[in-house]
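The values are calculated or read from the model by the stated rules, or taken from the named source; none is laboratory data. On a predicted model such as this, the values are computed, not experimentally measured, just so you know. Cβ atoms come from the backbone with ideal geometry, glycine included; neighbour counts cover every protein chain shown.
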Amino acid sequence: MFPVSEDRSIVKQPEAPAPRRTFQVADISETRKASRCSTCSMQRVCMPSGLSSDEYERLDAIICSTRTVRRSETLYRSGDAFQSVYVVRSGCFKTIVMHRDGNEQVTGFHLAGDALGLDGVSSDHHGCDAIALEDSVVCIIPFDLLELLCREVKTIQHHVHRLMSSEIVRESNLMMLLGTMTAEQRVAAFLLNISTRMKARGYSPAQFLLRMTREEIGSYLGLKLETVSRMFSKLQKAGVVDARGKEVRILDQAGLERV
């Protein structure tokens, strides 16, 4: 029962102060062990090198879970409240913005090891949609806990700054690609970019599968579908690539770089 004063009015018990959310290393349950950075095959791609076992443990503690996103499903939409950063553990995503006329503009392709969601830092809301191009898995990192960890581990703070900087560089490179390159150069640059990213992940830089369609590539490069298909055919006739559907082989790296 509530205590009652002499005038019979109810006296409220003082509310317990809300627990302060601080970073602590917690035991990781069996359901979370799969999301550990310390044992992930993408560790060398998405995490800074040289972290100690204690620092990995602290990082593992803030990853709340993983999430499976099926092909064509949306991880987040433009306008959604920004709460977490996502790291692609497996699979591939595209990010898009929608024009007023309803047309879709692809703004990026994100492979395993890439971070997603940093677009929400500036306004506390996401500015694009992130859609899975195949069945994918992401690690979920609450941004408020990541900020706390950054204050304590400077290596991770520097890595987060590098991720944000890379987003700026990526957008600048896209603007240059759209503004100064021919259609053939755009397609060549796109294939070289995928090749470099595949190599960084330990895969063959000369033979890989494109998870995106030619139409999606065209949207990203500012080209029509027919133009993208024609440029692939042109590069194939020149003997620099062999493209069969989504499977691509780079036959002449130097020749592709000279385009």
Review point. V240 is checked against (1) touching a Gly at 6+ places or on another chain (Cβ under 6 Å); (2) within 30 Å of R77 (Cα to Cα); (3) modelled with pLDDT of 90 or more and fails just one. What number does that condition carry?
Key: (2)
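Would a scan of region 75-84 turn up a residue that is under 28 Å from S195 (Cβ atoms), in contact with a strand residue (DSSP E or B) (Cβ under 6 Å, 6 or more places away or on another chain), part of a strand (DSSP E or B) and not hydrophobic (A, V, I, L, M, F, W, C)? Working first, answer last.
Step one: list which residues in region 75-84 are under 28 Å from S195 (Cβ atoms), which gives 75.
Checking which are in contact with a strand residue (DSSP E or B) (Cβ under 6 Å, 6 or more places away or on another chain) leaves us with 75.
Now restrict to residues that are part of a strand (DSSP E or B): 75.
Okay, now just the ones that are also not hydrophobic (A, V, I, L, M, F, W, C), so none.
Within region 75-84, none of the residues are under 28 Å from S195 (Cβ atoms), in contact with a strand residue (DSSP E or B) (Cβ under 6 Å, 6 or more places away or on another chain), part of a strand (DSSP E or B) and not hydrophobic (A, V, I, L, M, F, W, C).
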Revision key, fill the gap. Of those in region 172-186 that are surrounded by 12 or more Cβ atoms within 10 Å (Cβ to Cβ) and out of contact with any strand residue (DSSP E or B) (no Cβ under 8 Å at 6 or more places or on another chain), the residue farthest from K234 (Cα to Cα) is N173
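List the strands (runs of 3 or more DSSP E) inside region 206-258, counting only whole elements, that have at least 2 residues being surrounded by 15 or more Cβ atoms within 10 Å (Cβ to Cβ) and hydrophobic (A, V, I, L, M, F, W, C).
Numbers: elements: 207-209, 241-244, 247-250.
In region 206-258, the matching strands (runs of 3 or more DSSP E) lie at 241-244, 247-250.
Picking from S41, S72, which residue would you name as being within 16 Å of V137 (Cα to Cα), modelled with pLDDT of 85 or more and surrounded by fewer than 13 Cβ atoms within 10 Å (Cβ to Cβ)?
Working: S41 fails: modelled with pLDDT of 85 or more.
Just a single option satisfies the conditions, and that option is S72.
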**Study point:** Pairs with Cβ under 7 Å, 6+ apart, first in region 208-231 and free of Cβ contacts under 8 Å to residues at least 40 places away in the same chain and among the basic types (K, R), second surrounded by fewer than 19 Cβ atoms within 10 Å (Cβ to Cβ) and not in a loop (DSSP other than H, G, I, E, B)
**Key:** R214/L225; R214/S229
